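A short write-up of the structure that comes next.
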Amino acid sequence: MTVSTDPPPGRDTERALPPPRAPLSAQTWREIAHLLSNLPVAVAGFVYVAVWLYAGALLAVTVVGLPVLAAGLVGCRQLGKFERGRARLLLDVDVPEPTPIRHRTHGGFLPWLWATLKDPVGWRNVLYATVRLPWGVATFAVAFVSLFVAWPILPWLARGLTNVDRLLVRGLLAPSNELERRIA
């Protein structure tokens, strides 16, 4: 008897969580690797955002501050791109790239600065990097301790924790609206 793996009609396959699988499959080990890499990635992202915002806010009283904030937002977009790639590789989540920043075709530096500072994708990536620190510490601690103490239930713990990671990536790093998704 052959079982169809097609989703039921009308179900949103992009938002669906992965189906149940064997506890010690290759995907489970990728999920555990994702949980163990959460701490260093979250610390690096949070330090970048904290230093960038602090420097940009202090320098905002001068002419230099706004370009520093804009350049930091462009860097946050790159952090988001890295996180989407990591989720694609380890969590099997394919999140489309958001649209690039829309600049005016003329006008020079000031239109670029304004378009970059009001970029919602960059600010959502800042929020993602900020939220990731406490979540990264918690998931790393649970996964690391479970490797030694609770290893029989680690596959189920890993699945539950990475489902939250999948929701975070889809919620904060995906394109912001339906039109952006259709364009992609």
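Out of (1) touching a residue at least 60 places away in the same chain (Cβ under 8 Å); (2) open to solvent by 60 Å² or more (accessible area, probe 1.4 Å), the odd one out for LEU110 is which?
The single condition LEU110 does not satisfy is (1).
Using the structure shown, decide if ARG124 is in a helix (DSSP H, G or I), open to solvent by 80 Å² or more (accessible area, probe 1.4 Å) and among the charged types (D, E, K, R).
no
Which of the residues that make up the range 127-140 are open to solvent by 50 Å² or more (accessible area, probe 1.4 Å) and either out of contact with any helix residue (DSSP H, G or I) (no Cβ under 8 Å at 6 or more places or on another chain) or at positive phi (or both)?
Matches in the range 127-140: PRO134 only.
Please enumerate the residues belonging to the range 49-63 that are part of a helix (DSSP H, G or I) and open to solvent by less than 80 Å² (accessible area, probe 1.4 Å).
VAL49, ALA50, TRP52, LEU53, ALA55, GLY56, ALA57, LEU59
Would you say TRP151 is farther than 30 Å from VAL63 by Cβ and in contact (Cβ under 8 Å) with a residue 12 or more places away in the chain? Before you say what the answer is, go through the steps one by one.
Values: farther than 30 Å from VAL63 by Cβ: yes; in contact (Cβ under 8 Å) with a residue 12 or more places away in the chain: no.
Against the criterion (farther than 30 Å from VAL63 by Cβ and in contact (Cβ under 8 Å) with a residue 12 or more places away in the chain), TRP151 does not qualify.
For THR99, state whether it is farther than 25 Å from SER37 by Cβ, touching an Asp or Glu at 6+ places or on another chain (Cβ under 8 Å) and open to solvent by less than 80 Å² (accessible area, probe 1.4 Å).
Judged against the criteria, THR99 is a match.
What do you reckon, is GLY85 closer than 28 Å to SER25 by Cβ, open to solvent by less than 40 Å² (accessible area, probe 1.4 Å) and out of contact with any Gly (no Cβ under 7 Å at 6 or more places or on another chain)?
yes
Among the listed residues LEU66, LEU24, LEU79, identify the single one that is open to solvent by 40 Å² or more (accessible area, probe 1.4 Å), part of a loop (DSSP other than H, G, I, E, B) and among the hydrophobic types (A, V, I, L, M, F, W, C). Steps first, answer last, please.
Numbers: LEU66 fails: part of a loop (DSSP other than H, G, I, E, B); LEU79 fails: part of a loop (DSSP other than H, G, I, E, B).
Unique residue meeting the criteria: LEU24.
Mind listing whichever residues of the range 62-93 are acidic (Asp, Glu) and either within 11 Å of the chain's Cα centre (by Cα) or more than 13 Å from ASP165 (Cα to Cα) (or both)?
GLU83, the sole residue that qualifies.
The values are calculated or read from the model by the stated rules, or taken from the named source; none is laboratory data. Remember, predicted model here, so these are calculated numbers, not experimental data. A quick note on method: Cβ atoms are made from the backbone with ideal geometry, for glycine too, and the neighbour counts reach across all protein chains shown. Remember, those area values only see protein heavy atoms, side chains included, never the ligands or the DNA or RNA. Shrake-Rupley method; radii C 1.70, N 1.55, O 1.52, S 1.80 Å.
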